[in-house]
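Read the structure below first, then the notes.
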Amino acid sequence: MKVLVIGSGGREHALVRAIAMSKKADKVYCCPGNAGIAELAECIDIAPDDFESIINLVKYEWIDVTVVGPEAPLAKGIADAFEKEGLKITGPLKKAAQLEASKVFAKEFMKRHGIPTAEYRTFTSPIHAEEHVRLKGAPVVIKADGLAAGKGVIVAVDVKEAMDAIDLIMKKKAFGSAGDRVIIEECLVGEEASFMAFTDGTTILPMVSSQDHKRVYDGDKGPNTGGMGAYSPAPIVTTELENVIMETIIEPTVRGLKKEGIKYKGFLYAGLMISDGKPYVLEYNCRFGDPETQPVLMRLDSDFMDILLAIEEEKLDRIEIKWKKNASVCVVLASEGYPGDYEKGKEISGLDSFKSDDDVYVFHSGTSFGDSGNVTSSGGRVMGVTALGESVREARDKVYEVINNIRFDGMYYRKDIAHRAL
Ligand code: AMP
Ligand code: GLY
């Protein structure tokens, strides 16, 4: 079979690798991919939102199935465009992707279906939003309604910070029309966890649990990023809690969508806050998490293509997914300055000094080939070194050992990934 993956990050590298490992995949393509993905797939420089070119490629190359990594093409309706052409794609339709693309939609949906989440109010006017903050005080969380590349959520510790957030999102329009509406919600206290599941719209199969580190600096300090590292399993998600998450969050979500006439096929991600032992939804993503996918898929012990095809054919009830007992850890190597401004085009050395194998793998995020053909940095998150181990500690030690070999100008990474699980 021929398979196409859409996207260019570490998550997509992990997807491509899992697909390439399957005997069912004869050839893998990636649009646009990166320097690491290019070792496993044919990378074609088409932007993820250029549906017409992607569909032409799929038809021309007789690609059997397409998998989508990032949220933007899903929110823009790539699955709808494929469906219209009778082409196979693993990913939710535009209506279902609203769960991630509109926080107002997601909150109202959760309210309708009794899914636990923080108390909230929606505002379209900055004056009313400010009034609400004055009345309620802080801490409080301000969220732009639409997609804002992970920057649209501000946890304000005092009233001034909350007012600044309203100003930034609603008045200055820092995220454009994504800030036409804001959610102001109760600040939950607890520990976060990421919970991902496969679903064909009816059957749901959970993935192993994971946890990412959103803040840029050690000790979970500094601004939020796309994620500086992740590990699996997350000890806070016990079997008992996993059952509660499935029963009170994941199952009601898929059932609720179905009841509303929205079939959700693909990967569903719930960002959770575990507060006093109970899970609350902070956000939904309609895709795999990045970097959670890297450690989670390292633990997959089943054929990934079987899962993708079962989702597509709505036969997920016919398969069983096996996971390795090992733990896994991924540490992101970033460009100094990320998530703010950073320099690109830095040559990366040391990648040949060790061998990626089943236990250790370097997933590329923002990398490309420089003029001399060498691998260079081309993004804020550059690569994610990932390892399996008997324990989280063993996996983490392996990761940091490999990192010692890798160098590029301005390379920055957190030294405390997985500290909660040691
Ligand atoms: P989101 O994109 O909605 O997941 O928000 C990004 C990050 O902001 C989350 O990972 C949390 O760290 C934080 N956050 C979001 N909502 C809340 C909340 N209601 N209470 C506390 N922290 C929150
Ligand atoms: N790591 C969080 C996300 O993928 O949204």
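Assorted remarks:
- Long-range HN-HN contacts of Thr117 with modeled amide H, under 5 Å: Val281
- Solvent exposure of the range 322-374 as accessible area per residue, Å², 1.4 Å probe: 55 Å²
- Using a simple spin-label model with pseudo-atoms 7 Å out from Cα toward Cβ, Asp306 and Lys258 lie 2.3 nm apart.
- The range 180-229 and the range 105-165 have Cα centres separated by 17 Å.
- Gyration tensor (alpha-carbon) shape descriptor, the range 114-165, a/c threshold 1.5: rounded
- Helix-only CD estimate at 222 nm, as mean residue ellipticity for the chain, using -39500 (n - 2.57) per DSSP H run (n ≥ 4): -7500 deg cm²/dmol
- Under 20 Å from the Ser391 label point (7 Å along Cα→beta-carbon), backbone N, the range 221-240: 230-239
- Farthest positive-ward along the chain dipole, Cα basis, beta-carbon charges - from Ala165, Ala327, Ala193: Ala165
- Student exercise, the range 278-422 dipole from Lys, Arg, Asp, Glu Cβ charges, in Debye to nearest 20: 520 debye
- Within straight-line cross-link reach of Lys76, aspartates and glutamates at Cα separation under 17 Å, skipping those fewer than 8 residues along the same chain: Asp49, Asp50, Glu52, Glu85, Glu100, Asp145
- Here the range 193-348 has 44 percent of its accessible surface on carbon and sulfur atoms, given a 1.4 Å probe and all protein chains in place.
- Reducing the range 30-62 and the range 369-422 to their Cα centroids gives an inter-centroid distance of 26 Å.
- Three-way shape label, the range 1-63, alpha-carbon gyration tensor, a/c 1.5: oblate
- Heavy-atom accessible area per residue - the range 5-127, 1.4 Å, Å²: 43 Å²
- Rel. contact order, % - alpha carbon contacts under 8 angstrom, at least six apart, the range 232-372: 18 percent
- Between the listed residues Val296, Asn243, His213, the Cα displaced farthest toward the positive end of the dipole of the chain, a dipole computed from Cβ unit charges relative to the Cα centre, is found at Asn243.
- Where the range 169-248 is the region considered: accessible area per residue in Å², 1.4 Å probe: 40 Å²
- Rounded to the nearest 20 debye, the dipole magnitude of the chain is 700 debye, with +1 charges on Lys and Arg beta carbons, -1 on Asp and Glu beta carbons, and the Cα centre as origin.
- With K and R counted +1 and D and E -1, the other residues having a Cβ less than 14 Å from that of Glu336 yield a net charge of +2.
The values are calculated or read from the model by the stated rules, or taken from the named source; none is laboratory data. Since the structure is predicted, the reported quantities are computational estimates derived from the model, not experimental observations. All Cβ positions, glycine included, derive from the backbone under ideal geometry; neighbour counts span all protein chains shown. Calculation scope for accessible area: heavy atoms of the full protein, side chains included, ligands and nucleic acids excluded. Shrake-Rupley method; radii C 1.70, N 1.55, O 1.52, S 1.80 Å.
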